[in-house]
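Notes for the one structure printed next.
The values are calculated or read from the model by the stated rules, or taken from the named source; none is laboratory data. All values reported here derive from a predicted model rather than from experimental measurement. Here the Cβ positions follow ideal geometry from the backbone for every residue, glycine too, while neighbour counts run over all protein chains shown.
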Amino acid sequence: MQHAEFIRFLPNIRSDRFTEFDFLRNHQWFTIYFSYNMFYLPHMDWEKLIEAYPENKEDILRAKMIRGQVGKGLDGLSIPKIDMLKDENTASGILNKDKIPVDDISDICKALWEDMFGVLPEWDTKGAIRKFISEGHIPEVEVEDEAVVHILINAAVKEYMNLFRQHNKDLLPKEWQEGMCPFCSSYPKIAFDSETGRTLFCVICGHNWSFPRIKCPFCSNTDHNLLGYFEADGIDGVRVYYCKVCNRYIKVIDLKTRDAKDPETQDILTLEMDELAVKEGFKGNL
Ligand SMILES: [Zn+2]
Ligand SMILES: [Zn+2]
């Protein structure tokens, strides 16, 4: 989308915000989840999402537009090289959060916000980015355009972190036995099962790695009596695997029965499973 077209889109964001706010209030869990997770992929299948959620078409198109703009904001930006993933002060060999270039991500958000609304953001961009990276969710902000904040932070962090990881991919371990991402130390929320085994996907930087089927990614429990799964009628090729030790769950797509390419698209297409898991008392990775 050209800059001029983007500007023409702006009045839409402003005039729609109340609708979107009502929507957020009325469909709390589903929509909050949806706006947090709308965006995190390089190959997101937007058409498939619109087909699955036609009532959310406008939100999906808005997310797609903001994501495109974030991509442009990242163009030409120099992504830092880091020396090592392992911090001398941490035993686990994961990327120290301090090494994540929050200032750069914040600058992208500020520039886009200014493009959209003509003013610099009045909310704490760095704080929101830090919270999203460390806790997987965005703090509530006291601005009318809260929904746009969520979409923007989500897009900027995930796009940036993806590039940041690719730029430093030589540092990633060949073998990794933990459920936590070796690059950004976030946890996965979706995995793919194939004949060769299970692959976990990081929600923040997009890294993926092999992981045993009988092991909880969150607490490393391997007692099969305390691990389980459930399926739902009418939703083929996806299971919720849960752990009774830490009470968390991960969604697993079975590639033998479900045509799936992109984990993030699959994550959104299977939101009903999250709803069921939460109803069962399990905690996801929001
Ligand atoms: Zn990661
Ligand atoms: Zn566990």
- Note on the structure: Only unsatisfied item for Ile250, checking (1) in contact with a strand residue (DSSP E or B) (Cβ under 6 Å, 6 or more places away or on another chain); (2) away from ligand 1 (no atom under 16 Å from the Cβ); (3) in contact (Cβ under 8 Å) with a residue 60 or more places away in the chain, is (2)
- When Leu255 is run through (1) within 13 Å of ligand 2 (Cβ to nearest atom); (2) in contact (Cβ under 8 Å) with a residue 60 or more places away in the chain; (3) in contact with a strand residue (DSSP E or B) (Cβ under 8 Å, 6 or more places away or on another chain); (4) not acidic (Asp, Glu), the failure sits at (1)
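Condition test on Lys279, is it more than 16 Å from ligand 1 (Cβ to nearest atom) and within 27 Å of Lys57 (Cα to Cα)?
For Lys279, the condition - more than 16 Å from ligand 1 (Cβ to nearest atom) and within 27 Å of Lys57 (Cα to Cα) - is met.
Yes or no, residue by residue, for (1) assigned by TED's automatic domain parsing to the domain that holds Asn154; (2) within 14 Å of ligand 2 (Cβ to nearest atom); (3) crowded, with 22+ Cβ neighbours inside 10 Å:
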{"position": "Ser194", "(1), (2), (3)": "no, no, no"}
{"position": "Ile204", "(1), (2), (3)": "no, no, yes"}
{"position": "Lys215", "(1), (2), (3)": "no, yes, no"}
{"position": "Gly237", "(1), (2), (3)": "no, no, no"}
{"position": "Asp262", "(1), (2), (3)": "no, no, no"}
- Any idea which of (1) more than 14 Å from ligand 2 (Cβ to nearest atom); (2) among the small types (Gly, Ala, Ser); (3) more than 28 Å from Gln166 (Cβ to Cβ) is the one Ser186 doesn't satisfy? (3)
- Under the condition of being charged (D, E, K, R), assigned to a strand (DSSP E or B) and modelled with pLDDT of 95 or more, which residue from the range 232-284 is nearest to Gly136 (Cα to Cα)? Arg248
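Hey, among Lys174, Lys158, which residue is modelled with pLDDT under 90 and either under 11 Å from the mean Cα position of the chain (by Cα) or closer than 22 Å to Tyr241 by Cβ (or both)?
Exactly one residue qualifies, and that residue is Lys158.
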- Quick one: how many residues across the range 154-206 are near ligand 1 (Cβ under 10 Å from one of its atoms) and assigned to a loop (DSSP other than H, G, I, E, B)? 13
- Message: Being within 17 Å of Leu163 (Cα to Cα) and aliphatic (A, V, I, L, M) is the filter here; which residues of the range 43-65 pass it?
- Response: Met44
- Report whether or not Ile268 is away from ligand 2 (no atom under 16 Å from the Cβ), under 18 Å from the mean Cα position of the chain (by Cα) and not assigned by TED's automatic domain parsing to the domain that holds His137. yes
- Message: If a residue must be of a type in the set (A, V, I, L, M) and under 15 Å from Lys99 (Cα atoms), how many such residues does the range 124-152 contain?
- Response: 2
- Query: Which one of these does Lys244 not meet: (1) in contact with a Lys or Arg (Cβ under 7 Å, 6 or more places away or on another chain); (2) on the phi < 0 side of the Ramachandran plot; (3) within 12 Å of ligand 2 (Cβ to nearest atom)?
  - Reply: (1)
- The correct count of residues that are among the polar types (S, T, N, Q) and modelled with pLDDT under 90 in the range 178-201 is 2
- Would you be able to say whether some residue in the range 207-222 is touching a helix residue (DSSP H, G or I) at 6+ places or on another chain (Cβ under 7 Å) and closer than 30 Å to Asp75 by Cβ? yes
